[in-house]
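The structure appears right after this line, and notes come after that.
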């Protein structure tokens, strides 16, 4: 985390450490760029550096655990997962939810698919007085669907927004829209309000991006115009380098050159 906090735009670990630092203004990386940077840090730096707690690099410790050495028997190379999507899901945030007739609710949004139907109002297998809670996982970069883990089949199933008119959105977009609507005095936000506000905010972003592009183009035009270059007053020709500067840069001796005399 010390490495992370050295990046421009860090939020630090506490308010005191931040001390007026404008994280948003100083931020220089997108989330995707940060993910690439973080994986590089873990795989190519942290795993290769000496670890004081284990007396070796994490990579070497892993090699001993897998392949063994003179004193340790390795466990062998583990099997490669056949489903890469399942590996991803194992690392995504999970939610425990009961399933209702209309589906499942996460952060105020309703999700539904036929796979949920058999589990509607299911009772807890241990405590019969409680409803059973099921595992749902969600990628924060796209919350338009969640993955439901069926406890009998032991498999994940995709469950989309119940309202299919809602577009894909990230959790951060969702939080921004909800925050904006709450500031307008809306205590609860339905899908229609969410869609309208999200569309409006995205339009504002697109307009801002276009203004930024237009401002950059205008700034570049102004710089070019200030040069006052035209067919009548073109740029001056480049000054050729002198013999002295050539000889100095190429390692030759400075000064006058003696004549070679007559050539036979």
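Some points to look at:
- P(r) tail for region 181-226: Cα pairs beyond 13 Å make up 67% of the total.
- Globularity index of region 44-105 is 1.83 (Cα radius of gyration / 2.2 N^0.38 Å, N = number of residues).
- Cα-Cα separations in region 2-67 greater than 17 Å, expressed as whole percent: 56
- Descending by average beta-carbon neighbour count within 10 Å, the peptides 84-95, 65-76, 133-144 line up as 133-144, 84-95, 65-76, the highest first.
- In plain terms, the bigger the Kirkwood radius, the slower the diffusion; for region 84-164, with that radius from Cα pairs, at 20 °C and 1.002 mPa s, Stokes-Einstein puts D at 165 µm²/s.
- C-alpha center-to-center spacing [region 63-124, region 131-155] in angstrom: 8
- Shape category assigned to region 1-117 from the gyration tensor of Cα positions, a/c cut at 1.5: oblate
Each reported figure results from applying straightforward, stated rules to the coordinates on display, with no laboratory input. The model shown is predicted, which means the values in this text are computed figures rather than measured ones. Here Cβ is always computed from backbone atoms with ideal geometry, including for glycine, and neighbour counts include all displayed protein chains.
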